Amino acid sequence: MSRFIERHPAWALITIIAIAVLLWLVVAVWPPGLEAAIGRKRVFLNAVLNGITLGGLYFLVASGFTLIFGLMRNVNLAHGSLYLFGGYVGYAISVWTGSWVLSFVVAFLAVALVGVVLQILVFRRMEGQDLRQTMVTIGLSIVFADLMLWAFGGDFYQIQTPNWLVGPIQLPLITAVKSFGDPVYLQYPLVRLVIFVASVVIGVAMWLALNRTRVGMIVRAGVDDRDILAATGVRIQLVFVLVFALGAGLAGIAGVVGGTFQSISPGEDTRFLLASLVVVIVGGMGSIPGAALGAVIIGLAEQLGSVYIPTYAIVVTFLIMVLVLALRPQGLLARR
Amino acid sequence: MSLIQGAQLQATQPGSAVRRAIARAWPELNSPAAWLVALILVIMPLIANGFFLIEIFATTLILGVIALSLMFLAGYGGMVSLMQLTIAGFAGYMVAVIGVSGNANISMGWPWWLATPMALALATVFGTLGGALAVRTEGIYTIMITLAIGAAFYYFTNQNWAIFNGHTGINTVATPHFLGVNWRSDIPFYYLTLGVAAVCYFAVQYLSRAPFGLALQGVRDNPRRMAALGFNVNAHRVAAYAIASFIAGLGGVLQVWNYRQISPGSVSVGACIDILIIAVVGGITRPIGPFIGAFIFVMLRTFALDFLVKFGLDGNRFRLLIGLGFLAIVFWSSDGVVGLWESWRRRNAPAPTGTNGSRHG
């Protein structure tokens, strides 16, 4: 961090000012002039919180994508299909058993199993042929999309939120002050916050597992140079299978999350594939903290964009990607 | 590839130097099969009725032109771009927005002879900018960035009403009438697409042997060495994107004239991927590949329903069939149908002797 400030004082200053302005906008009571200029504070706060929680969901999808890419150089364009499959499995389980938590477990296991099968049967056969692997994932995404359309039809499904998570919660953020001095606090859906906290926990756990455990060390070594790692006697194929299972499983969990606070339907696979592509391009390929940063940036850009400039929202997301590619083609937090 | 061309060259009768030079530049001129295909394509309106002419052959040629632009980038430049259909769609949208259409509040109503070059120029600029962005990274990243561009454009057309008219798109796009001919009526339109496709095909064929194309292939094979030799690697790549964008734009203009409407569905991610499938199934090492791939694709798309129902299967599983076919091609042939055919021919024909000598001569 301090090295970054030393090297790029201007960028560090801009970043600090931007964060300070954002914090002020979130915490302070807005003066009337500001409300007149850009609308009510409640709308803004909702957009920010929606953006951050959406970022949590994007992080879950993109972290698996970036992990698989980082270790195996495999751009898994079927990642969106894994997300959608996880959503459908989660929906089926939650309808069948009525348990929301169980649907996460089963979706993780089922999608991880698909990942293992893919890695063993398909990708192991064409190791080192990046382009061919990518083509295969494109073919697989078409096949999966059609199979899921066949099995589940074109309907929208929404996973039932459990009773203990239904309803809004009052946050200690003042949206406005009434004429006689009473502050009005923000009401926000509890389930989104819980899911956001859970994705932060998963992210931190993944970071700890990668940086503090032996397996994590092996995975990091594999990201840097898998040939040397294999030469030191690590059973690299086993590591590949494990990482692919984890990455796919995370996509499955994300599917259940997405099915809970949005909905699942055909076409969502592409949407989340695009989201993970952009998040990973912005954050840096193969970097977990990069995926987290990229996810929050893209989530915020999407939500703020859709509130303030509705017909050009996607352009904001896209411009961020262009800006990053122009200034730092390897991504914000990539090491190379 | 070069081996076969060498064999064809050797088969020519010793003639004047000019004839040999022409033959070297255009090996198709010496292949009877190519003349036969060309003849069939030219007399097609006598053989086929309107449905086949437009729905099968014109559509094949249009998709082939768009896929040809991808083949040019991927085969000679080593850059697999998934945004070629997006560029084509952009050109189509521009024809609709700048020219005349049923949505009078959006269309600017320019005459077609002004709107079409404008649309092509804008599409070329759009594709070149996208390419300039994509060449900042290499190899596998190109796919990701171009896919992101394509998907972003799709969502943008969906949510923007001011220019792209949201998810309803733009309808009843005007088609050109000149020289007393309605160019959208079946037979003139077929010849129009055939002409454009032939020009694009020969242009790509010519470019692949021109100094620029050779340098581009050098960049594909070893960018560092080409840079060391004094070639500007990125400039070559961006130039390749510009050419491919123009070709894709031509395909897009024809497509919007064909359907007379354009909507976000025409530039969806699935459609972008279809172009990749067409090029890969046909074979991305030769310009003829995309047209063969497009023909297979269009035939499957048109007849898979009847075909599947006949075998007692669900007729809606066309995309499953396409996906599985694509997977099979990727698994078993690195060079698509063209590659399969060539390896089959090589296995059946006795090995030609003396080809090595002719390659040096």
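None of the figures in this text is laboratory data; all of them are computed from the coordinates on show. Computed from a predicted model, the values in this text were never measured in an experiment. As a convention, Cβ positions derive from the backbone with ideal geometry for all residues, glycine included, and neighbour counts pool all protein chains shown.
Comparing Cα centroids, the stretch A:121-155 and the stretch A:160-226 end up 31 angstrom apart. Across the alpha-carbon atoms of the protein assembly as shown, the computed radius of gyration and Dmax are 27.4, 103 angstrom. Peptide A:66-76 is shielded by partner chain Cβ atoms: per residue, an average of 1 of them sit within 10 Å of its Cβ. Computed from the Cβ-Cβ distance with R0 of 35 Å, the FRET efficiency linking A:Arg132 to A:Gln262 stands at 0.55.
A Förster radius of 41 Å, combined with the Cβ-Cβ distance separating A:Thr97 from A:Gln237, puts the computed FRET efficiency at roughly 0.70. Rounded to the nearest Å, what's the spacing between the alpha carbon centres of the stretch A:51-96 and the stretch B:273-304? Just the number, please. Using only Cα atoms to place each centre, the spacing works out to 31 Å.
Pairs of Cα atoms under 8 Å, at least six residues apart: use those to get the relative contact order of the stretch B:71-221, whole percent.
Relative contact order here is 29 percent.
Under 5 Å from the amide H of A:Ile169 lie the amide H atoms of A:Tyr188, A:Leu190, each residue being 5 or more positions distant or on a separate chain, with H modelled from the backbone and absent for Pro and chain starts.
Percentage of Cα-Cα pair distances in chain A greater than 33 Å, rounded to whole percent? The share of Cα pairs beyond 33 Å in chain A comes to 31 percent. Dipole of the protein assembly as shown computed with +1 at Lys/Arg Cβ and -1 at Asp/Glu Cβ about the Cα centre; of B:Asn222, A:Leu60, B:Pro264, farthest Cα towards the positive end is B:Asn222. Which chymotrypsin sites (Phe, Trp or Tyr not before Pro) in the stretch B:282-345 sit in a loop by DSSP (not H, G, I, E or B) and have at most 13 other Cβ atoms within 10 Å of their own Cβ? Passing sites in the stretch B:282-345 are B:Phe311. Across peptide B:231-244, the average count of Cβ atoms from other chains found within 10 Å of a residue's Cβ is 0.
Express the relative contact order of the stretch A:42-327 as a whole percentage, based on alpha carbon pairs under 8 Å and six or more residues apart in sequence.
40
Residue order for B:Ser343, B:Ser208, fewest other beta carbons within 10 angstrom first, comes to B:Ser343, B:Ser208. Modelled spin labels at B:Asn182 and A:Ala12, positioned 7 Å past Cα toward Cβ, are 7.1 nm from each other.
Summarising the amide proton neighbourhood of A:Tyr185: residues at separation of 5 or more, or on other chains, whose placed amide H is nearer than 5 Å comprise A:Thr175. Rounded to the nearest 20, the Cβ-based charge dipole of the protein assembly as shown about its Cα centre (Lys and Arg +1, Asp and Glu -1) stands at 1400 debye. Residue order for B:Ile149, B:Ile40, A:Ile174, fewest other beta carbons within 10 angstrom first, comes to B:Ile40, A:Ile174, B:Ile149.
Shown for A:Leu319, A:Leu121, A:Leu84, B:Leu276: other C-beta atoms within 10 Å of each C-beta, ranked fewest to most, produce the order A:Leu121, A:Leu319, B:Leu276, A:Leu84.
Summary of the geometry: the stretch A:285-316 and the stretch B:160-191, compared by the centres of their Cα atoms, lie 36 Å apart. The HN-Hα couplings worked out from phi for the stretch A:202-214 by the Karplus form 6.51 cos²θ - 1.76 cosθ + 1.60 (θ = phi - 60°) are 4, x, 5, 4, 5, 5, 5, 4, 6, 9, 10, 10, 5 Hz, whole numbers, x standing for Gly and Pro. Distances between placed amide hydrogens fall under 5 Å for B:Phe164 paired with no residue 5 or more residues away or on another chain. Counting only helical runs of four or more DSSP H residues, what would the 222 nm mean residue ellipticity of chain B come to if each run contributes -39,500 (n - 2.57) and the total is spread over all its residues? Value at 222 nm, helices only, nearest 500: -22000 deg cm²/dmol. Peptide A:303-316 has a mean shielding of 3, counted as Cβ atoms of other protein chains within 10 Å of each residue's Cβ.
Rounded to the nearest 0.05, what FRET efficiency do B:Ala227 and A:Arg328 have when you use their Cβ-Cβ distance and R0 = 22 Å?
Efficiency, rounded to the nearest 0.05: 0.50.
With 10 Å bins beginning at zero, the pair-distance distribution over Cα atoms of chain B amounts to 5, 22, 32, 26, 12, 3, 0 %.
Spin-label model, A:Tyr308 to A:Phe4: label points 7 Å out along the Cα-to-beta-carbon direction sit 2.2 nm apart.
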